[in-house]
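The structure appears right after this line, and notes come after that.
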Amino acid sequence: MKYQVPMGMKDITQESKIYRKLEDNFFKILLQEDFTEIRTPILEDKSLFIRSVGESSDIVSKEMFETKDGLVLRPENTAPVMRAFVNDQNINTKLAYFAPQFRRERPQKGRYRQFYQYGFEIINESAPQSEISSLLLIKRIYEQWGLTKYEFQVNYLGDKQDRENYIKTLTDYLRGVESKLSKISQERLQSNVLRILDSKEGEDQDIIKQAPSILDSLSENSKNQWQNILKLAQLVGLNIVINPLLVRGLDYYTGMVFEVVDTSGQLGSQKALGGGGRYDSLSKELGGPDVSAFGFAGGVERLILALNITNLPLSETKIGLITTEESVLSSFISLKAQFPMVKVDINYNCAMGFKKMFKRADKIGCTKVLIVGTQELSAGVVKVKDMVSGVETTISGSIESINLSNI
Ligand code: HAM
């Protein structure tokens with residue numbers, strides 16, 4: 001009998017190097033910023049998620065893997081982190097994780113039943129500081145991974161009262177057009193009205209476009225807080241896109257919510273690279289003190305798809321790029337940016353000469369060197385020298401077309 005890996009899950013072997021690198025890079029920045037890594041148990045009480053993520057959310061109502069004794073495989077990490085804080089309020093209030101989560105979803109590209117999240121939670125810091133410093137931190141993390149094609153979509157859900165008011169306004173509006181809504185949205189009208197704004201069903205789109213905006217249901221106080229966030233974003237030069245339809249599928253949010261949306265087109269329909277927001281009432285809800293909190297989590301598998309890294313060299317390779325041609329330099333630089341997970345050393349120096357550049361490449365441990373000199377440039381080829389065996393080969397085609405992961 002041959003056993004298969006469970007549906008929507010995978011063995012990670014060849015790709016484990018990518019996971020290792022992403023995790024190391026992530027923690028390097030987070031630890032510099034005084035975060036502490038937190039590893040919570042993989043199983044938690046089911047009621048923790050009912051209380052936080054919400055009974056009517058998709059995650060809780062249909063996506064949890066449950067054991068016989070009321071435990072579930074964690075579908076996300078914000079509630080477990082807050083539970084850990086409520087249990088021991090002396091822990092660091094800036095916590096980060098890189099950990100597997102489990103949701104019984106219908107698997108498709110970018111959507112799995114076991115997936116990894118990199119994320120962080122900041123407890124006891126109020127708006128607008130956490131909002132803007134978190135987005136800047138995410139930007140920095142993505143920059144070091146070489147991810148450029150994404151945007152921050154943000155919305156403001158206000159406090160509990162604002163949200164209740166909005167749910168009432170939205171329900172009134174949707175009841176008026178109920179018969180035109182898709183079947184699934186008609187069901188959600190009873191169970192989880194806000195999720196209708198997330199609907200991808202064709203017949204719902206015009207109705208959603210004309211729906212009242214949550215931003216019009218905010219109290220004066222919430223409006224001011226929202227304006228303060230927008231002002232600070234502008235002051236620090238942060239580009240954000242306001243999306244009044246962004247509600248997120250988890251109940252614990254108050255205030256600003258956001259998603260990092262892929263714009264590279266690599267992700268198909270699962271465009272959310274990550275998401276997060278403020279959840280000021282969660283600690284109290286879980287029996288803890290009245291403290292504010294803000295956090296973010298991104299999906300590792302979607303990140304790998306967006307970065308377009310399908311395979312990495314099996315052994316640790318450092319590739320040297322050598323040229324004496326100034327015109328090739330920009331191609332080298334963009335090539336390096338395209339393969340953020342491959343170690344690349346660029347060497348351009350017409351005065352130095354090839355011999356010296358090779359010596360340098362050898363000294364810093366390059367295993368392969370790509371050479372584009374005058375001859376190669378005019379012949380439209382790239383020379384590859386294996387620094388261990390000394391063997392030289394020629395690849396036809398321009399330097400731009402080379403896949404550094406396969407060298
Ligand atoms: P979430 O939006 O449910 O938020 O998940 C965050 C990210 O995890 C998603 O944007 C996506 O990249 C990835 N993800 C979610 N489900 C799957 C799946 N089935 N397969 C692959 N990747 C997936 C949360 O989990 C919140 N805890 C985020 C947060 C932190 N809010 C405050 N702090």
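Scan segment 209-241 residue by residue and report those that are in contact with a Pro (Cβ under 7 Å, 6 or more places away or on another chain) and surrounded by fewer than 16 Cβ atoms within 10 Å (Cβ to Cβ).
S213, N228
Taking segment 74-114 as the search range and keeping residues that are more than 8 Å from the ligand (Cβ to nearest atom), more than 29 Å from P289 (Cα to Cα) and basic (K, R), which one is surrounded by the fewest Cβ atoms within 10 Å (Cβ to Cβ)?
R106
Residue by residue, here is whether (1) surrounded by fewer than 16 Cβ atoms within 10 Å (Cβ to Cβ); (2) touching a residue at least 24 places away in the same chain (Cβ under 8 Å); (3) within 20 Å of the chain's Cα centre (by Cα); (4) on the phi < 0 side of the Ramachandran plot holds:
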| site | (1), (2), (3), (4) |
| --- | --- |
| R20 | yes, no, yes, yes |
| E33 | yes, yes, yes, yes |
| S56 | no, yes, no, yes |
| K62 | yes, yes, no, yes |
| E66 | yes, no, no, yes |
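Answer yes if at least one residue in segment 51-60 is within 24 Å of P107 (Cβ to Cβ) and more than 16 Å from the ligand (Cβ to nearest atom), and no otherwise.
Taking every residue of segment 51-60 in turn, none turns out to be within 24 Å of P107 (Cβ to Cβ) and more than 16 Å from the ligand (Cβ to nearest atom).
Quick check: is even one residue across segment 221-244 farther than 22 Å from E164 by Cβ, assigned to a loop (DSSP other than H, G, I, E, B) and without any contact (Cβ under 8 Å) to a residue 12 or more places away in the chain?
yes
Report every pair of residues separated by at least 6 positions or lying on different chains whose Cβ atoms are under 9 Å apart, first residue within segment 268-289 and within 20 Å of D162 (Cβ to Cβ), second among the polar types (S, T, N, Q) and near the ligand (Cβ under 7 Å from one of its atoms).
G276/T78; Y279/T78; L282/T78
Would you check which residues across segment 257-266 are surrounded by 15 or more Cβ atoms within 10 Å (Cβ to Cβ) and either in a loop (DSSP other than H, G, I, E, B) or more than 11 Å from the ligand (Cβ to nearest atom) (or both) and list them? Step through it out loud before you land on a result.
Filtering segment 257-266 down to residues surrounded by 15 or more Cβ atoms within 10 Å (Cβ to Cβ) leaves 257-262, 264, 266.
Of everything in segment 257-266, those that are surrounded by 15 or more Cβ atoms within 10 Å (Cβ to Cβ) and either in a loop (DSSP other than H, G, I, E, B) or more than 11 Å from the ligand (Cβ to nearest atom) (or both) turn out to be S264, Q266.
Each value in this text was obtained by applying a stated rule to the coordinates, not by laboratory testing. A quick note: this is a predicted structure, and the numbers were derived from the prediction, not measured. Positions of Cβ are generated from backbone atoms using ideal geometry, with glycine treated the same way; all protein chains shown enter the neighbour counts.
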